[in-house]
């Protein structure tokens with residue numbers, strides 16, 4: 001990760017706006033979390049380049065059910081998306097790349113466009129509602145043992161990196177959203193979490209979803 005601080009207020013102030021959309025199955029982006037992606041399809045290589053040439057924004061969405069032909073031509077995606085900002089792009093041979101996308105703000109795709117090789121949408125922002133009186137740090141202490149099988153190799157390192165990205169006040173919400181993003185849940189359940197704007201309610205629902213031992217057997 002870089003030392004880049006996201007100016008979330010400035011980015012959100014420019015919305016609603018048209019952004020590229022990258023739909024994937026079972027993969028969503030959450031605000032304050034960082035998503036590594038390997039880009040290899042020609043249309044998404046073009047998408048990354050276009051984002052680099054403009055405002056560095058890409059919206060992640062859940063891919064809808066579709067045939068292979070529909071996927072190639074016009075892949076359907078969820079109306080709720082999360083707009084992310086490109087933190088880093090590592091160029092690879094044959095036009096491929098590894099990217100880091102940082103979640104900025106959830107939103108709703110209110111209009112879709114098909115005039116490029118990839119999908120685009122006009123996104124209306126739907127920022128998380130954060131309760132300033134809620135002890136999110138204490139909630140994290142309850143959540144983390146339930147996610148012991150996740151690849152959180154060094155939680156303190158992740159905390160430090162997130163603080164660089166969103167500032168100290170945004171660390172606990174960003175870590176909760178990181179847990180939601182990385183939890184081994186099916187796509188529809190992750191979408192349910194992203195559609196819940198109230199961060200406290202999202203956290204409680206995440207606790208319900210992961211506190212089921214049968215999921216990990």
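Taken together, the values in this text are just the output of simple stated rules run on the coordinates, not laboratory data. Model, not experiment: these values are computed from the prediction. Heads up, the Cβs are rebuilt from the backbone with ideal geometry, glycines too, and the neighbour counts pull from every protein chain shown.
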Exercise. When mean projected area of the Cα convex hull in nm² is calculated directly from the model, which label among (1) 12.3; (2) 16.6; (3) 10.6 fits?
Worked result: (1)
Seminar exercise, completed: Scoring segment 8-125 by relative contact order with C-alpha pairs under 8 Å, at least six apart, yields a percentage of 36
Exercise. Taking the Cα atoms only, what angle lies between the long axis of helix 171-182 and the longest principal axis of the chain, rounded to 10 degrees?
Worked result: 60
For this session: Give, as ranges by residue number, the residues of segment 73-102 whose backbone N falls under 20 Å from the point 7 Å along Cα→Cβ of residue 52.
Result: 84-102
For this session: Give the order of 89, 81, 110, 12 when sorted by the count of other beta carbons within 10 angstrom, beginning with the fewest.
Result: 110, 12, 89, 81
Exercise. Where does helix 42-52 land angle-wise versus the long Cα axis of the chain, in degrees 0 to 90, nearest 10?
Worked result: 70
For this session: Round to a whole angstrom and tell me the spacing of the C-alpha centers of segment 188-205 and segment 1-77.
Result: 20
For this session: Quick one: work out the % antiparallel among DSSP beta bridges in the chain, nearest 5.
Result: 85
For this session: Before anything else, pin down the relative contact order of segment 65-133: Cα pairs under 8 Å, at least 6 apart, normalised by residue count, whole percent.
Result: 25
Exercise. How many nm separate the modelled label positions at residue 110 and residue 160, each set 7 Å beyond the Cα in the direction of the Cβ?
Worked result: 4.2
Exercise. What relative contact order, as a whole-number percentage, does the chain give when Cα pairs under 8 Å and 6 or more residues apart are counted?
Worked result: 26
